[in-house]
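Enquirer: Got a structure for you, questions after.
The values are calculated or read from the model by the stated rules, or taken from the named source; none is laboratory data. Here the structure is a predicted model, which is why all the values come from computation and not from measurement. Backbone-built Cβ (ideal geometry, glycine too); neighbour counts: all protein chains shown.
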Amino acid sequence: MSLPTHHPGDTLLIDYAGGGLPEGAALAVATHLALCPCCRLTVTEMEAIGGALLDEIEPEELSPGCLEAVMARLDRVEAARPAPRPASRPAAAHAAGKVPGRFGAGRPRLPEPLARYVGARGLEGMRWRFLQPGMSYADLPAAGGGTTRLIRMKGGIGVPQHTHGGIELTVVLEGGFHDELGQFQPGDMAVGDPSVRHSPVSDPEGCLCLAATIGGLRLTGPIGRLFNRFVNF
Ligand SMILES: [Zn+2]
């Protein structure tokens, strides 16, 4: 499987690393991370730096030599971190890779963080509901508001042009789709927000994706500020 080309971006990764995302959105980011060595490395760095700073910085006035201690600690974290894997080598936990067989036939193997939500009965054991012709969804049990669901589309299905009341994170699991923003393949994450108007169309082989919406959350980055401005008016 080729590597993803559409990523969550630093703002969402920072919120994820800091534990600031609701469960469904965190699951969407974790599912992307399972398929994206690049963003995994970024989150590892964020966690290492965040942990080092928390360990070293006291709320009191910085004592002489404190900054040097922090920098030395960061150097140690840097030195202790395992070398990044070559991008072409998939991590063991992410061997799920491309789902075998045609969409809808057989049982696709899902990335681990998502497989736990789907359960032992697999995709076909879920309760699929009609959304529009050629398109159905199954809700996942994620807390924190908004919706977290799997969506599957047959080939060549178009979703009417729409925008988003909040933020919607969509991760392609199998097949793909394209819209005004580009082509989305397995592992790619599409970030929809109120500024995005799009009309996705599924690829000929169909598309299975995970979609999580965030409502009522104040994100810390530029996307969050945009979102907050939207809901405040
Ligand atoms: Zn990524």
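Enquirer: In region 163-182, is there at least one residue being modelled with pLDDT of 85 or more, under 18 Å from GLN132 (Cα atoms), of a type in the set (Val, Ile, Thr) and more than 16 Å from the ligand (Cβ to nearest atom)?
Expert: No, that holds for no residue.
Enquirer: Quick check on my filter: what residues within region 183-196 are over 19 Å from LEU114 (Cα atoms), touching a strand residue (DSSP E or B) at 6+ places or on another chain (Cβ under 9 Å) and at pLDDT below 95?
Expert: Answer for region 183-196, where residues must be over 19 Å from LEU114 (Cα atoms), touching a strand residue (DSSP E or B) at 6+ places or on another chain (Cβ under 9 Å) and at pLDDT below 95: GLY192, ASP193, PRO194, VAL196.
Enquirer: Given the conditions (1) in a helix (DSSP H, G or I); (2) more than 10 Å from the ligand (Cβ to nearest atom), which single one is not true for CYS38?
Expert: Unmet condition: (2).
Enquirer: Also, I was wondering about something else. Answer yes or no as to whether VAL196 is touching a His at 6+ places or on another chain (Cβ under 6 Å), of a type in the set (Val, Ile, Thr) and not in a helix (DSSP H, G or I).
Expert: no
Enquirer: Only one of these conditions is not met by ALA138: (1) of a type in the set (Gly, Ala, Ser); (2) in a strand (DSSP E or B); (3) exposed (fewer than 14 other Cβ atoms within 10 Å of the Cβ). Which number is it?
Expert: Condition (3) is where ALA138 drops out.
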